[in-house]
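Shown next, in structure tokens, is the structure this report addresses.
The values are calculated or read from the model by the stated rules, or taken from the named source; none is laboratory data. Everything numeric here is computed off the predicted structure, so don't read it as measured data. Every residue, glycine as well, gets a Cβ built from its backbone with ideal geometry; the counts of neighbours run over all protein chains shown. Side chains included, ligands, DNA and RNA excluded: accessible areas come from the protein's heavy atoms. Shrake-Rupley method; radii C 1.70, N 1.55, O 1.52, S 1.80 Å.
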Amino acid sequence: MHPRALGSLEHAMTLTNRAFGLVAVGVLRLRQAPPPAVLQRALQQVQARHPLLQVRIVPTKKTYRFERLSPLPTIPLKVLERRDDHHALAQAQQMLNEPLAPTEGPLMRCVYLVAPDQRADLICAFHHAIMDAPSAAHCYHELLTLCARSAAEHGLAEDDALPQTIQPAAEALLPPAFTGFAQVRRLVPFLFREMRTDRHYRRRTTAAQRPSLHPPSTSHILSESLSASQTQALVRQSRQESVTLHSTLAAAMLSAVVRQRYPADLPLARMLIFSNLRPYLKPPVAPEYLGCYIAMQRLTIPFAPTSTLWTLARSLQESLHAANKRGEKYLSAVMSKHIMQQALRTQNDRMATAALSYVGPVKLQPTYGSIEVTDVHGFITPNRLSPEWSAFGHLFRGQLHLDFMYMRNDMDAAAAQSLVHALLELLRNP
Amino acid sequence: MTLNDILDMVALQLGQTKVQPDDHLYGDLGAESMDLVHLAIALEDRYQITLPEEDLADLRTVRDLYALADRHREPTS
């Protein structure tokens, strides 16, 4: 395995982790769950397959590097007795508030909640630099496949073996039109556009920009879902309005947060959108290669008291589409380290009003042998510079699931519940 | 519905002059999720079919899109 320097986005994640303890947490809810010993063995096999699960992150003079751990410690797995259905999210919330130590590694740890009736919840915390949503889902897929096959005493087939080489960072795989001098030529207008939008937004939205004043704060989570029929109705209606489900969800989040938190006047609203870069890279990066291949884009749109869900969704969609046609998802990936360095230096502004990471259908089977996957969740630690309300959305078993994150300094549990209620109302009755 | 019909629709939606069946919708043609939704709407209107959100997310190439639309045209028994 060849260690390598962190890419721009990985570097940004590492800086955020150092400043605010950024952790990505995934929750998998199971029935007919495997015994802890079987899971432990599967975890070891998964670790052996993926070089990024065998590294730590070490600082160098100018940057950070992935460095192989030697000797290699196993991924920590703590087994606890499962109390009830609420235990998993309580545990996820606790893990969201416990930063990983990247210089020690490995960059993943797990807790397994086990009940006598074979219900179980697997909660894993990752360093975001080594894992995005598609690769986290794949990691779970491998774990469950191995657990299901353990009865037959064989693991993943040999032809499933992965190269023990860390894949290049996103900026090394950009399309040719976004590399070298062409990239520089595109970056200049991109940065000017960003600065101009930023100045305009700051002047008109002082209140929404201010980070919470009294750190440290704790991260809190909530989780909700729509029924299968409600999800289908929302997909159908979004199509009728010619917008993606992603745009509809983003608009609903913005609408709910602006109306609940800034009812007086907020003429501009800013949304942080995370997109999957993997299929656009040259060559595309498959989810079985762990890593963080996402683009973080800020969309600033006008907000009027009369704005409907669909006008906001169209506005967001047009804004995103125009940005993507200019290649801004690539440029923002290239610039992520610098954007984060700047944000951390000043610590004056929040990055947006709300954030959404929508990953579409999660690539997990409903069953693996006798193991049944009943639910999946994903969370990212919020911080005082991130939007005060963030969500991770996905489809699983025909249902739309939304996992929300907020900080206690920004709102209490009742305010967060009220926001979620307003959002669900919008989605159920658009 | 033929593969050529789908090639024409994709070319029109994505503003491309030439589209090949095995072109990658994202990497080669630069399609965004919005483009896929518009393609899905056009296909649904034209062929009176329903394309599930989960299936759209699995599409890689233009040929995949054709196969998906064709599969949903088949009468269910």
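Quickly estimate the mean residue ellipticity at 222 nm for chain A, helices only: each DSSP H run with n ≥ 4 gives -39500 (n - 2.57), and the total goes over all residues, rounded to 500.
-12500 deg cm²/dmol
State, in square angstrom and to the nearest 100, the accessible area buried between chains B and A, both chains counted, probe radius 1.4 Å.
Summed over both sides, the interface buries about 1700 Å².
Keeping all protein chains in the complex and leaving out DNA, RNA and ligands, what accessible area do you get for A:V285 with a 1.4 Å probe, in Å² to the nearest 10?
The accessible area of A:V285 comes to roughly 10 Å².
Please report the net charge: other residues with Cβ closer than 15 Å to the Cβ of B:V19, K and R +1, D and E -1.
Around B:V19, the surrounding residues sum to -4.
Starting from the Cα-Cα distance between A:E372 and A:A37, subtract it from 0.36 nm times their residue separation and give me the gain in nm to one decimal.
Contour length minus Cα-Cα distance gives 118.8 nm.
From other protein chains only, count the Cβ atoms within 10 Å of every residue's Cβ in B:34-42, then give the mean.
Other-chain Cβ atoms within 10 Å of each residue's Cβ, averaged: 4.
Using a simple spin-label model with points 7 Å from Cα along the Cα→Cβ vector, what separation in nm is obtained for A:R203 and A:K363?
Taking the simple label geometry, A:R203 and A:K363 are separated by 4.6 nm.
Starting with the highest mean, order B:56-69, A:364-377 by the number of other Cβ atoms within 10 Å, averaged over the residues of each peptide.
Highest mean packing first, the order is B:56-69, A:364-377.
Applying a 10 Å radius around every beta-carbon, put B:1-7, B:26-32 in order of their mean neighbour count, most first.
Sorting B:1-7, B:26-32 by mean packing, highest first, produces B:26-32, B:1-7.
For A:A90, project a label point 7 Å along Cα to C-beta. Then give me every residue of segment A:104-123 with its amide nitrogen under 19 Å of that point.
Within reach of a label on A:A90: A:111-123.
For chain A, which whole-number percentage of the solvent-accessible area (1.4 Å probe, protein heavy atoms only) is attributable to carbon and sulfur atoms?
54
Among A:L80, A:H338, A:Q417, flag the residue with its Cα farthest along the positive direction of the charge dipole of the protein assembly as shown, charges on Cβ as +1 for Lys/Arg and -1 for Asp/Glu.
A:H338
Treat every Asp and Glu Cβ in segment A:4-151 as -1 and every Lys and Arg Cβ as +1, leave all other atoms uncharged, and give the resulting dipole magnitude about the Cα centre to the nearest 20 debye.
440
Could you give the nm distance between label points at B:Q48 and A:D117, where each point is 7 Å from its Cα heading toward the beta carbon?
4.8
About the Cα centre of the protein assembly as shown, how large is the charge dipole given +1 on each Lys and Arg Cβ and -1 on each Asp and Glu Cβ? Please answer in debye to the nearest 20.
2020
What does the structure give for A:282-292 when I average, per residue, the other chain Cβ atoms found within 10 Å of the residue Cβ?
1
May I ask for the distance between the Cα centers of segment A:225-245 and segment A:307-350, given as a whole number of Å?
25
Just to confirm, what accessible area per residue do you get for segment A:4-151 at 1.4 Å probe, in whole Å²?
Per-residue accessible area for segment A:4-151 comes out at 38 Å².
Once you put a point 7 Å from the Cα of A:A182 and another 7 Å from the Cα of A:Q44, both along the Cβ direction, what distance in nm separates them?
4.8
Would you mind getting me the FRET efficiency between A:A172 and B:R71? Use the beta-carbon distance for r and R0 = 45 Å, nearest 0.05.
Calculated transfer efficiency: 0.75.
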